[in-house]
Structures are given as C-alpha cells and as structure tokens.
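Participant: Would you mind keeping the following structure in view while I ask a few things?
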Amino acid sequence: MKKLLFLFIPLFFIASCSKEADIVPVPEDGSQEDRTEALVEKSLIPGMVIVQLSDAMIDAIESASSPVATKSADFNVLSEMLDITSVERVFPDGGRFEARHREAGLHRWYRIRYSGSAPVTKAAEGLESLDGILAVELPRKIEQRSFHYFNDPYAYYQWGYYNDGSLGAGFRKNSDINVVPVWDEFKEFGSKDVIVAVIDSGIDPEHEDLAGVVIPAGPEGSKNFTAVGGEYEITPMMHGTHVGGTIGAINNNGKGVNGVAGGNDGTGGVRLLSCAIFAPGPGDSQVGGDEAAALVWAADRGAVIANNSWGYVFDDESKAKAGASSFEAGNSSLKSAINYFIDYAGLDENGTQVGPMKGGVVLFSSGNEGWAYDVPGMYSRVVAVGAIQHDNSMTSYSNYGDWVDVLAPGGGEDKAEQMILSTTTDGYSWASGTSMACPHAAGVAALLVSHFGGPGFTNKELVERLLFGSRMNVIDTKGKPVGGGRLDAYGSFKFSGREAVAFSTGYTGDFVFRSHESAEIKYTISGNDDGRLPVIAEGGEPVISVKCSDTEAVVRIDALKGDPGIYTSRLTVGKGTMFEKSLAITVEILENHAPKTVKVFENVVLDAETGESVTFDLKEYFADEDGEQLVYTPEVEAGSTASASVSNGTLTVKALTYGQTAVSLTGKDARGAEVKQSFNLLARDASRVLDLYPNPVSNILFVRPAHDASVSLSFYNQAGAKVLDKTVEAKLFNPAKLDVKGLAAGVYTVKASYDGGSVTMTIVKI
C-alpha cells in the first residue's frame, strides 16, 4: 500500500500519519502451500467469514441459544472447531424496508466471527462444505486510495474545477471538469434535496466549510459502520473529509475551498451522508468496517449517489484480475448491496419514487496500482473513475482499461499545487489519487440530479449524461486503454441525447447453412461512433467467429468447423452497462450427405499407337445432394499403360503404351465423405482385328479379338502341315488362353477366323 502523506496550510498544526502493509511471516521451512496461504491471508480480514444461508439454516441459527447450540449438528461441530463467537446479519432488520430487503435476498447474508486460530481460507472451506451454506465470501481488507502533501488553502489552487494554465509550468489549459460554465450559464450549484453518500472514513461535520452540509448521525442519518465507537458516533478522519469537501464544500462563504455541488449562498448545496467504513486503529493504523451494509443504509436513507474512494487489497495484479472476474461472475454481500443501491435508491418501501431520481448511481475510484484490474471498480454496474493530472495526462498510478468509464482530476505526485486541494479534519490539505478523482465525478452527478432530477428522472439518464457528456480522445493516456473520456460538467449539461445503439446488415440470406458452406456477414453498429461503449461477441464457437470494432462487426461463419446443429453468438454493445444492446446471431448447420454414383463407367479401349485419350464429364457420373464441388483423385494401377487426371470436373485418360490396366476415381466432399468407381482400360493397336501375344511364345498364347467372339485358330509349320486346330471363346478385356507348349520350337503360320472374316499371322514358338 502507498504511504499516505498530509500537507496543511499555515495557521494549523502539522500532523502526519502512515499505514504500512500488513506482513504475514512465512516460516523458512514452510511448504509452498503454507507460503501461498500466507499470501492469500495477508489481504483478508482475520477471524471473519461472510456466508449466504438457506432458509433452513437461517432457522437453525436464529432459533439457537448460542452459536454452538443450533439445530444443525454439522454447524455445531464446526462452530466448536473454529470457536465461533457470533453469527449476525450483515444487513440488520430494515424496519419499514425489511420486506424489500428480503425480496432482494439481503436477509440471507450473515457475518460469522470466530476466535480460533484457523486461517480464514480454512474456515471458509469448512463452512462451504455444510448443507445450507449457499455461498461463502472472504471479507477482504479495504484501502483508501490517496496520498497527500502539505500546502496552503486557496480556491484558486483547485485547478480540477478551472485550469487556465496559470498555476505554473506543466499546467495545461482546460485540464479540468469544465464546471464553471455550469455555474455561469445554468445557475446550478447543487440542491439540498440531493443526498450523496460518502462511503469512506468519517466526514468532519464541524468543519467550517462543511458545517450544516453533513447529515447528522442518527437512525435516519449518517452512521458508523466500524467496530470503533457507537453506531451513531463517527470519528472524523482526513480521507473522508477530503472526499466530502470536493463534492460539497460550501461555496461563497468566504472560507477555504469550493465544492463541485456546494451551493452559492454560503449555506451549502447538496447534502452529504457520512457512512464511515474506516476508523482509527492502534497506532497510526485504520480498521475497516461494513462497506456492504453502508450502501444499503444509504439507499434506505435517501441517498441517490454513492461515492466510494476505496477498493479491495490484492497482493499482485494477477490476483486482482482473478478477483475481478470472480466478483463479476459470482455472488457476494457487497455485490448484493451495490445492486440494491442501484435498483432501489430514491424509492420508498413500496417502490414509489420519493427522491429526485429513480434508482441510484454507485461510483468507485479505479485504484492506484497502475494495474489493468480492480475490485470493485470493474463491476459492470458501477461507474469507475480514473485519474488525470494537471497536464491533461492520465496519471501513472491510475488503474486503467476499457472498464474505466470516465477520468477526472486526481492530482499529480511531484508538487503540492499539482494535487487536489480540499477540506480535512485540521483545515485543508492537498491530496492525490483516484480517491480524489471519484468525488469530482460524484459532484458533477449531484449537479445533474439537482438540475434535471424529479419525478421520472432515472439513474440511467444520469449515467448517460455523466458518461456521454464527457470529452473523448482529449487525454494523453500514455498508450493505456480507457473506456471513457475526460469528465465534462458542461458537456453533460448540454448533452441532448444520443442515437440509440442499433445493428443493421445488408445480408438477405437465411442463417441455415449446409455442412460445407461459409459466409461473411457485416453488421453496421450505429449509435456508438464515439466508441464509448465496448463491443464484444460471445459464443458460437467454433462455427461463428466475430471481429468487432466500435462501429462494425464482421461475422464469419464456417460450417466445416463444427458438427451439425445450432450455434448462437451474441453481439453486445456496452455489456453490463445501463446502455447494453445485444443481437443474437443463430446459425443452423445441416447434416452432411455423402456423394453418390449416378452413372457407372464402362471399360475403355484406346489406341496405343496414336496415344489416344478420352474425357468424362464427372457431373454425369457423380452427384452430391448438398451441392458440393467434389474433389477427385484418379489412380492408375502400377505401370505406365495410361495416365489419368482431373481438371474442372473433367476426367482425362490417355494411352501411353500397350497393355491393360485399372483406373479408379475417388470423389470426396469437404467433410471427407467419399464415393468411388473404377473401370478397365485397354491400350492396343486399333488397326488390328486380333491380338496374339506374347510373340515369341513359350507355353501360353493369349488371344484377344477386337470384340468378344469365338475365334478358330489353325497352326501350320514351315512345311505347310497343320499341327494344331483350336476354337476359343475370347473377349476384349478377358483374352482366351491357348496352351501351345506341345508345339516344337519354330516358326508357325496361324490362320484365325471369326465373325465371317479371317486373318493370318506368324508366331514364333520358343
């Protein structure tokens, strides 16, 4: 954790405090598991676990005489093991709001404290194993996000409101929230009807610049949510007072500093509900309080804006990333409380709007680690505020990412005058951090509600003005991505609405595809030209892939990548925000059909003398029900009798030399389903009516006529005597075999006759 430094103007005594990170010793001989557990426990609150209970478990506990005498035997055993000392509701009975609390499920959250030595993670594992425990939450330490220097108090130094560059080198003109034109033109300074909850350390209600602005502690007012002091005894502290001053320090009273929504007549503007979740601890330390219950209390006491300049502690960025993912997807008491504030602030127990806005807005500082992750800042329903400094650049300490909704003055780190000046318990001080940026945004939100609020005005309208009135692409983010622009109060007041997000495409086909087909479909996204809303695509893999920009989504469909079935991808603009708009793209992939034979090849005879060739249009021989263009592979039996090739759906077979061979052809579709045919090919001298071979012959003489026929053969020796007379049945592709091994070696004249014709040939017998 960063060291906290405080700088005060003259005429006040000087004090300083620091809070160093807790250290968990790890034995030198400890196992890796011990070391990992120690690191995890370092950022958790010891001796406490928060759980969500079933109705049966609630009954078992509430009807018990002690934490170890419930109706649940398993719980009793674990209670003795952990030495549980108390089991109490996180959100106490809400009185007239209790019915609504129960509808929201707040009554299910219980805080279990134990005095045993078991690590929090082990205690959580034990509780998680019990029937009736619906969820287990590890209470995490929270931290204030600021660091401070001493200096003098003058409203002139509040460059976050108005920066004309005159404060010195490095100050860039207009690096501010542009609130002065709101005061001048709209004459809006903050209404007392608007209550801003400051979830922080206690605000000093006696401060000369806050007196009368802070709602007194009591059953319907400010409250202490720590274990230090009574519930209506709030200890004023530096951080909360500084944050509160930025929002609502009294304007035009001739004292100290200005507040963004601090009125203009010296009596104050918006009112501040101090919900103390920090209190002084031993030495210079602080103790944390019940941040979740504070939010619910604030919603039920009339606050419609909640400023949270704090966040959870993590040991490193990877753990913060995991924590953010878990918080967004999982369940926790704080998440329930945030949702409750957003859904129910400004409404009475019957759901009727009684405040200046229907629903609430929760703002969180983005954090000071310079990381890309934060909890709870990354939760999609909150407004995350990052920090800029006097030169209009994003600060090095500010956490960043597309989830950061807006950036506001948080202060530099080098000189006091570059920081943010506001009220503190001992007067006034300079401070820097996203803690200081967040109340700037909360103050502008309070001005907007003061001016536009009333019956029917909703939290969505407020967030729309706050975020979309900001100025995009004017901050040097030093290469780090952010999702929003620089806070601009005047821009938010002048905001007149924006085009609704919509999807359109020129694609006119259906979304039913054959198993081999592909398509590329472009969607135009209107209403997001300024790129303020993130565009994402989820689902549909592996068939559907989407490449998104702020204004376009290119959808690629490749049926081959998946099995037949239904695939759905959801294209979403502004996911998790109040402006979310989505489009479901559902694709059906049909079953594949194997190709079939529609015509059988006949055997082929080619003239070997001329190298004759023949072609086949394969569409006549094969068909594919899916309309695919098949890929063909021809094969010729070993040897060089002929060649075969396929081009553009045509098979070409060419005679190379004399002989007979088999030609096969395989056709495959895109998914590998195949069909196959083969035929015989004979390459011979087309001018001959009869082939006798081999010549010379030893034992067997083959007889092949030009077409199937009965062939009569007569053999004559050189003396003219007939030595062999034979008739055979011979076929073109199945020549007859004539046994001539009984003939003496020599030259013979053979007369062959068939089909009424005859031919004379000479055969050599060896």
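Participant: Testing the spin-label approximation: label points 7 Å from Cα along Cα→Cβ at S285 and D265. State their distance in nm.
Facilitator: 4.8
Participant: Right, something else. Taking 0.36 nm per residue of separation and subtracting the Cα-Cα distance, what length does fully extending T762 through K415 add?
Facilitator: Numbers: separation 347, 0.36 × 347 = 124.92 nm, distance 11.76 nm.
Separation in residues times 0.36 nm, less the Cα-Cα distance, equals 113.2 nm.
Participant: Okay, next question. Jot down the per residue volume, in cubic angstrom and as a whole number, of the convex hull over the alpha-carbon atoms of the stretch 502-589. Working shown, then result.
Facilitator: Working: hull volume 6.8 nm³, N = 88.
Hull volume normalised by residue count: 77 Å³.
Participant: How big is the chain in terms of Cα radius of gyration and Dmax, in angstroms?
Facilitator: Taking only Cα atoms of the chain, I get Rg and Dmax of 43.5, 150 Å.
Participant: With r as the distance between the Cβ atoms of Q353 and E128 and R0 = 45 Å, compute the FRET efficiency 1/(1 + (r/R0)^6) and round to 0.05.
Facilitator: Numbers: r = 40 Å, r/R0 = 0.89.
E(calc), rounded to 0.05, equals 0.65.
Participant: Given R₀ = 25 Å, what would the calculated FRET efficiency be for K255 paired with K192, taking r from the Cβ atoms and rounding to 0.05? Write out the running numbers ahead of the final one.
Facilitator: Numbers: r = 19 Å, r/R0 = 0.76.
So, using R0 = 25 Å, E works out to roughly 0.85.
Participant: Contour minus end-to-end for K654 and S66, with contour as 0.36 nm per residue of separation and end-to-end as the Cα-Cα distance? It would help to have the intermediate numbers written out before the result.
Facilitator: Values: separation 588, 0.36 × 588 = 211.68 nm, distance 9.80 nm.
Residue separation times 0.36 nm, minus the Cα-Cα distance, leaves 201.9 nm.
Participant: Okay, next question. Can you give me the orientation-averaged projected area of the convex hull built on the Cα atoms of the stretch 690-765, in nm²? Working shown, then result.
Facilitator: Working: hull surface 17.4 nm².
Over every viewing direction, the Cα hull of the stretch 690-765 projects on average to 4.3 nm².
Participant: Indicate the gyration tensor shape class of the stretch 613-766 (rounded, prolate or oblate), computed on the Cα atoms with a ≥ b ≥ c the square roots of the eigenvalues: a/c under 1.5 is rounded; otherwise a/b larger than b/c is prolate and the rest oblate. Let's see the in-between values first.
Facilitator: Working: a/c = 3.56, a/b = 3.04, b/c = 1.17.
It comes out prolate by the Cα gyration axes.
Participant: Let me ask you something else. Suppose every K and R has +1 on its Cβ and every D and E has -1 on its Cβ; what is the size of the dipole of the stretch 79-194 about the Cα centre, in Debye to the nearest 20? Display every interim value, and only then the final one.
Facilitator: On the way: 15 positive and 18 negative charges, 8 e Å.
My answer is approximately 40 debye.
Participant: Through the Karplus equation 6.51 cos²θ - 1.76 cosθ + 1.60, θ set to phi - 60°, convert the phi angles of the stretch 658-670 into ³J(HN,Hα) values in whole Hz; use x for Gly and Pro.
Facilitator: 5, x, 10, 8, 10, 10, 10, 9, 10, x, 10, 8, 5
Participant: Further, regarding this structure: Which whole-Hz couplings ³J(HN,Hα) result when phi for each residue of the stretch 727-732 is put into the Karplus expression 6.51 cos²θ - 1.76 cosθ + 1.60, θ = phi - 60°, listed in order with x for Gly and Pro?
Facilitator: In residue order, the calculated couplings are 10, 10, 9, 10, 10, 4 Hz.
Participant: Could I have the simple spin-label model distance between A744 and E538, label points 7 Å from Cα toward Cβ, reported in nm to one decimal?
Facilitator: Distance between the two pseudo-spin positions: 10.1 nm.
Participant: I want the local charge near V605. Using Cβ-Cβ distances under 15 Å, sum +1 for each Lys or Arg and -1 for each Asp or Glu among the other residues.
Facilitator: Summing Lys/Arg as +1 and Asp/Glu as -1 gives -2.
Participant: At 0.36 nm per residue, minus the direct Cα-Cα distance, what do D316 and T458 gain on full extension? Give it in nm, one decimal, please. Intermediate values should be presented prior to the final figure.
Facilitator: Working: separation 142, 0.36 × 142 = 51.12 nm, distance 3.77 nm.
Here the segment from D316 to T458 would lengthen by 47.3 nm.
Participant: Each label point is 7 Å from the Cα along the Cα-to-Cβ direction; what then is the distance between the points at V180 and V554, in nm?
Facilitator: It is 4.7 nm.
Participant: If I fit a long axis through the Cα atoms of helix 317-329 and take the longest principal axis of the Cα atoms of the chain, what angle between them do I get, 0 to 90°, rounded to 10?
Facilitator: Between the helix axis and the principal axis of the chain, the angle is about 90 degrees.
Participant: Would you grab the residues whose amide H sits under 5 Å from the one on G367? Only those 5+ places off in sequence or on another chain, please, with H modelled 1.01 Å from N.
Facilitator: Here the answer is N399, T434, since their amide H atoms fall under 5 Å of that of G367.
Participant: Per-residue counts of other Cβ atoms within 10 Å, averaged by peptide: what ranking do you get for 166-172, 454-460, 420-426, highest first? If you can, show how the numbers build up before the last one.
Facilitator: Values: 166-172: 13.6, 454-460: 15.1, 420-426: 26.9.
My ranking of the peptides, most packed first, is 420-426, 454-460, 166-172.
Participant: Compute the acute angle (0 to 90°) between the alpha-carbon long axis of helix 459-468 and the principal axis of greatest extent of the alpha-carbon atoms of the chain; round to the nearest 10°.
Facilitator: On a 0 to 90 degree scale, this one is about 80.
Participant: In degrees, nearest 10, range 0 to 90: what is the angle between the Cα axis of helix 291-300 and the longest Cα principal axis of the chain?
Facilitator: So the helix axis and the longest Cα principal axis differ by about 70 degrees.
Participant: Now for a separate question. Determine ³J(HN,Hα), in whole Hz, for all residues of the stretch 252-269 in sequence, where each value follows from phi through the Karplus function 6.51 cos²θ - 1.76 cosθ + 1.60 and θ = phi - 60°; x replaces Gly and Pro.
Facilitator: 3J(HN,Hα) across the stretch 252-269, in whole Hz: 6, 10, x, 10, x, 10, 9, x, 4, 10, x, x, 9, 10, x, 10, x, x.
We did not get these values from a lab; they are worked out from the coordinates using the rules stated. Predicted model only: the values in this text are computed from it and were never measured. A quick note on method: Cβ atoms are made from the backbone with ideal geometry, for glycine too, and the neighbour counts reach across all protein chains shown.
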